[in-house]
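Let me begin by presenting the structure, written as structure tokens, before commenting on it.
The values are calculated or read from the model by the stated rules, or taken from the named source; none is laboratory data. Predicted model, so just to flag it, every value in this text is computed and none were measured. Heads up, the Cβs are rebuilt from the backbone with ideal geometry, glycines too, and the neighbour counts pull from every protein chain shown. In case anyone asks, the SASA skips ligands and DNA or RNA and just uses the protein heavy atoms, side chains included. Shrake-Rupley method; radii C 1.70, N 1.55, O 1.52, S 1.80 Å.
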Amino acid sequence: MHSKSLKINYIYNLLYQFLAIAVPLLTTPYVSRVLGARNVGLYNYTLGIVYYFGIFAVTGTATYGQREVATRQNDKKERSRIFWEVFIFRFFCVTIVFLIYTFFLNNFMLQYKLLFLVNIFTIFSWLVDVSWYFQGVENFKVTAIRNSMVKLVATVLIFTFIKNPTDLWLYTLIYALSNFAGNLTMIPQLFSEVMIVKISFRSIMANFRGIMELFIPVVAIQLYTVLNKIMLGSMSSATQVGYYSQANQIINVSITVIYAFVAVLTPRIAFLYKEGNMDEVKRYIRQAFENVYMLSVPMFFGSICIADLFVPIFFGSGYKPVIYLIYIMSFLFVIIGLGQLLGTFLIATNRQNNYTVAVSMAALINLILNFILLSLGMKAVGVSIATLVAELIATLIQVYALKDLINFKILNNNLYKYIVSSILMCLAIIFVRMIFVPELIALLASLFIAIVCYFSTLIILRDSIFYPSFKKIINKIKKQ
């Protein structure tokens, strides 16, 4: 099973991850105008609280299950056994969390009770989520196609039924149901993938330590992602949460392109590492760094060049503060891209303790900086700065933990090509903006010329990642 093409898996996972974030992003211009910044903030604020329940419902089962299934890809009985053990473990966790959540929504924050009530479907979605199994066997097609269809249906429903600010609860329900339905559609595919095997309570609990080792970093990551919105909403306002959420959404949807590639590496590297094939592991690491640089560096430069055009066109009036937040958070394209890549290497090579240290330190620093900067009245700007510092620290710690596999040469492999190409791209954007005055035309022209200029420069520089793929396409065209 490990022979599956990384390129095909990348395309499928890119589709899956992209739609998971891009569908909300597609509806954002409409929703931001219909619901307003305050209601967008309330949606993200309450969802952030719901996700805290999700931490304890999912624990570390997703990452642990994916890795363990990946190391047993070629043994149906063994991968079936680990599937049932992890699935039942999660079932127990979700059941307990559901009972606590029911008590919470009936006794706390009653002004948001309706939003919490419809998010019950979000909790159910965690129970039926088996995407980790399919990712473990490197079958990203199942998760991509089925979830994509559901996400597209959700988009149609939003444009059909969300008409005014009072529809916030309905907007929440549509996304909660889409997550549940998307995960539910994967269950039938399991019948041909796993077999019924005998397991015991003891064998289920044998996975406890491994799951908990990956549970701690999940908690830490949620602290400096979800907690950002909760602290901002508590110490500032829902409107500020709306500004931060919109800027963060732009960053996330772009990083999805990088994450989709990184995610398909986890099962492949886990398999090769277990087999002791270190030469292949190192080869994938070198290629992975170049891919991350090729995608993240132009995102950083490009967002700085066009944020002031993009925000008013995309979000509408009243979202000007988002421009400055994007300027600050644009560094995250490179930092998070590398961080996700390094985290994948640590988990795949059974170094989750180092991964835990990295994200825990980042969470602690993020928490402290959030409190200090919000107390100083820096609002969403303060949270953005705290996020940037936390992610940078996590990435640096992970680099140190992988010093035996990653050296300075690998870290800087062909980086200069992507920086040079991005600078030339920025100059082209500046030139285009001087010619075109209407904002929409200037934005579209800038995006087009940026893509052409960047990848043309990579061809001239004979980039080791993009140039071979471009050459193959040209050769196929010539043959035809």
**Asked** So which of I162, I196, I211 is in contact with a Ser or Thr (Cβ under 9 Å, 6 or more places away or on another chain) and within 29 Å of E391 (Cα to Cα)?
**Response** I211
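Per-residue answers, yes or no, for (1) over 15 Å from I328 (Cα atoms); (2) touching a Gly at 6+ places or on another chain (Cβ under 8 Å):
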site: V383; (1), (2): no, no
site: L392; (1), (2): no, no
site: T395; (1), (2): yes, yes
site: I406; (1), (2): yes, no
site: L411; (1), (2): yes, no
site: N414; (1), (2): yes, no
site: V420; (1), (2): yes, no
site: C426; (1), (2): yes, yes
site: I430; (1), (2): yes, no
**Request:** Could you please give the count of residues in segment 464-480 that are over 31 Å from the mean Cα position of the chain (by Cα) and not in a helix (DSSP H, G or I)?
**Result:** 1
**Item:** Selection count, segment 311-322, where residues are open to solvent by 20 Å² or more (accessible area, probe 1.4 Å) and among the hydrophobic types (A, V, I, L, M, F, W, C)
**Value:** 2
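Please tell me if K417 is over 27 Å from G242 (Cα atoms), among the charged types (D, E, K, R) and open to solvent by less than 60 Å² (accessible area, probe 1.4 Å). It would help to see each step written out before you state the result.
Values: over 27 Å from G242 (Cα atoms): yes; among the charged types (D, E, K, R): yes; open to solvent by less than 60 Å² (accessible area, probe 1.4 Å): yes.
Taking the combined requirement at face value, the residue satisfies it.
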**Asked** Any chance segment 424-446 includes a residue that's at pLDDT 85 or above, assigned to a loop (DSSP other than H, G, I, E, B), more than 21 Å from I323 (Cα to Cα) and open to solvent by 70 Å² or more (accessible area, probe 1.4 Å)?
**Response** no
**Fill in**
(1) open to solvent by 60 Å² or more (accessible area, probe 1.4 Å); (2) of a type in the set (D, E, K, R); (3) not in a loop (DSSP other than H, G, I, E, B) all hold for E391 apart from (1)
**Item:** Of all residues in segment 217-226 being modelled with pLDDT under 80 and part of a helix (DSSP H, G or I), the one that is surrounded by the most Cβ atoms within 10 Å (Cβ to Cβ)
**Value:** A220
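Look at segment 128-176 and say how many of its residues are within 20 Å of Q73 (Cα to Cα) and either free of Cβ contacts under 8 Å to residues at least 24 places away in the same chain or open to solvent by less than 70 Å² (accessible area, probe 1.4 Å) (or both). Give the derivation first.
Taking segment 128-176 and keeping what is within 20 Å of Q73 (Cα to Cα), we get 129-144.
Restricting the remaining residues to those that are either free of Cβ contacts under 8 Å to residues at least 24 places away in the same chain or open to solvent by less than 70 Å² (accessible area, probe 1.4 Å) (or both) gives 129-140, 142-144.
Total meeting the criteria: 15.
Select from segment 291-304 the residues that are under 12 Å from Y418 (Cα atoms) and of a type in the set (S, T, N, Q) and write down the one among them that is most open to solvent (accessible area, probe 1.4 Å).
Just the residues of segment 291-304 that are under 12 Å from Y418 (Cα atoms), to begin with: 291-301.
Among the residues that remain, those that are also of a type in the set (S, T, N, Q) are: 291, 296.
Values: N291: 29, S296: 0 Å².
Looking at the filtered set, the residue picked out is N291.
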**Asked** With respect to L214, is the statement that it is open to solvent by 10 Å² or more (accessible area, probe 1.4 Å) and either in a helix (DSSP H, G or I) or at positive phi (or both) true?
**Response** no
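Looking at this structure, is A238 farther than 21 Å from L295 by Cα and among the hydrophobic types (A, V, I, L, M, F, W, C)? Step through it out loud before you land on a result.
Working: farther than 21 Å from L295 by Cα: yes; among the hydrophobic types (A, V, I, L, M, F, W, C): yes.
The answer is yes for A238.
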**Asked** For segment 350-386, what are the residues that are open to solvent by 10 Å² or more (accessible area, probe 1.4 Å), in a helix (DSSP H, G or I) and not hydrophobic (A, V, I, L, M, F, W, C)?
**Response** Q352, N353, N354, Y355, T356, S360, S375, K379
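Would you be able to tell me the number of residues in segment 323-349 that are aromatic (F, W, Y) and open to solvent by less than 10 Å² (accessible area, probe 1.4 Å)?
Applying the first criterion (aromatic (F, W, Y)) to segment 323-349 yields 324, 327, 331, 333, 345.
Filter once more, keeping what is open to solvent by less than 10 Å² (accessible area, probe 1.4 Å): 333, 345.
The number of residues fulfilling the criteria is 2.
I'd like to verify a number: residues in segment 242-283 that are of a type in the set (S, T, Y) and at pLDDT 80 or above, how many? Walk me through how you get there before you give the answer.
First, the residues of segment 242-283 that are of a type in the set (S, T, Y): 243-245, 254, 256, 259, 266, 273.
Imposing the further condition that a residue be at pLDDT 80 or above reduces the set to 243-245.
Residues in segment 242-283 being of a type in the set (S, T, Y) and at pLDDT 80 or above: 3 in total.
Scanning for something of a type in the set (F, W, Y) and under 27 Å from the mean Cα position of the chain (by Cα), does segment 192-203 turn up at least one residue?
no
Taking into account only those residues within segment 273-290 that are within 19 Å of R72 (Cα to Cα) and in contact (Cβ under 8 Å) with a residue 40 or more places away in the chain, which is surrounded by the most Cβ atoms within 10 Å (Cβ to Cβ)? Can you show your working first?
Keep residues of segment 273-290 that are within 19 Å of R72 (Cα to Cα), which gives 273-278, 280-281.
Those left that are additionally in contact (Cβ under 8 Å) with a residue 40 or more places away in the chain: 273-274, 281.
Numbers: Y273: 19, K274: 15, V281: 21.
Of everything passing the filter in segment 273-290, V281 is surrounded by the most Cβ atoms within 10 Å (Cβ to Cβ).
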**Leading residue by the ranking (most open to solvent (accessible area, probe 1.4 Å)) among those in segment 63-108 that are in contact with a Ser or Thr (Cβ under 9 Å, 6 or more places away or on another chain) and under 15 Å from I123 (Cβ atoms)** = C93
**Prompt:** Just checking, how many residues over segment 186-205 are in a loop (DSSP other than H, G, I, E, B) and either buried (at least 17 other Cβ atoms within 10 Å of the Cβ) or touching a residue at least 40 places away in the same chain (Cβ under 8 Å) (or both)?
**Reply:** 7
